[in-house]
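In what follows, a single structure is set out as structure tokens and then discussed.
The values are calculated or read from the model by the stated rules, or taken from the named source; none is laboratory data. Model, not experiment: these values are computed from the prediction. With ideal geometry, Cβ positions are generated from the backbone for all residues, glycine too; neighbour counts draw on all protein chains shown.
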């Protein structure tokens, strides 16, 4: 892949998921939220999808929400992390979302929940997804959008300006919902639909948010991230800023998550 596309350290992404695999059930509520929301869309689509790919399956939450829906018979669960996907029940495979090891026209439906925001060349991955779909197949994905974790981003920026006089990246550049539809079109999907909604999550304190991010394998994997860990003084300053500027009257703090859902169809065979 061209260096121009390299934003994320994919080895770090896998390492973070490997590390989180044993305890992710304590921090997976957002995956449940996303999987449930995607599954709720399927009954309105009057089509059967016997063969399904859950791409970036983590520990297999999506499959549990698909039982009994739309004639689904088999769900192949694929994830970059072997430690993570081996916890899933049913058919499992270790696979990099950037290099899909499936034959053309293998699936009636491809789903992905909170995984493709870690892809370096999302347009290229969407082309591969289109390839592995059968003619007339459906693709549905949910990712975090650009408004996500804006409180945490601001807190780190302000802390580093105060302590160091400069900033280094700590939060991923999430997908812009306004650009998502054009990505689907460029990948060959028809009838692309994109929508976004804001989910506000309240934490007891900002450290609880960091614990959840680490516990779910969603910590910083940017290639140009600061190596060697964060200075303790910066962390304390960021947490204090967060608590001061983003707390509710009850002392709990807000974490914004923008949920971007993208849907597209593979063209029917001519």
I'd like to check something: does segment 145-159 contain any residue that is part of a loop (DSSP other than H, G, I, E, B), touching a helix residue (DSSP H, G or I) at 6+ places or on another chain (Cβ under 8 Å), at pLDDT below 95 and under 19 Å from residue 51 (Cβ atoms)?
no
Sole miss for residue 93 among (1) touching a helix residue (DSSP H, G or I) at 6+ places or on another chain (Cβ under 9 Å); (2) modelled with pLDDT under 95 is condition (2)
Of the conditions (1) under 18 Å from the mean Cα position of the chain (by Cα); (2) in contact (Cβ under 8 Å) with a residue 60 or more places away in the chain; (3) closer than 20 Å to residue 266 by Cβ; (4) outside any helix (DSSP H, G or I), the single one that residue 129 does not satisfy is (4)
